[in-house]
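As structure tokens, the structure follows; a few thoughts come after it.
The values are calculated or read from the model by the stated rules, or taken from the named source; none is laboratory data. For clarity, every value in this text was computed on a predicted model and none was experimentally measured. Here the Cβ positions follow ideal geometry from the backbone for every residue, glycine too, while neighbour counts run over all protein chains shown.
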Amino acid sequence: MYYIYLLESRKAVGQHYVGLSSDLKHRFAEHNAGKSPHTSKFAPWRLVTYVAFSNKRRASDFERYLKSGSGHAFANRRLW
């Protein structure tokens, strides 16, 4: 399975992150341990939601969409 996940910083109000991983538990732990340069300064993180896909390409397409302008609007209305 491939997971698109949405994180929200517990430290910095309003900081969000959208990612893709095949091992959600491990990747979430890495974010909170400061092992990702893009998210380390806003740790700790809380997992807001995730969506599971059996197809990697569809997961990647959905992640790309969530990072687009219309995807941000969708996520703000429905996922955060």
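Selection of segment 7-27 for residues being within 8 Å of the chain's Cα centre (by Cα) and closer than 18 Å to Lys41 by Cβ yields Leu7, His16, Tyr17, Val18, Gly19. If you go through segment 20-71 and keep only what is surrounded by 14 or more Cβ atoms within 10 Å (Cβ to Cβ) and either modelled with pLDDT under 95 or assigned to a strand (DSSP E or B) (or both), you end up with Leu20, Ser21, Ser36, Trp45, Leu47, Val48, Tyr50, Val51, Phe53.
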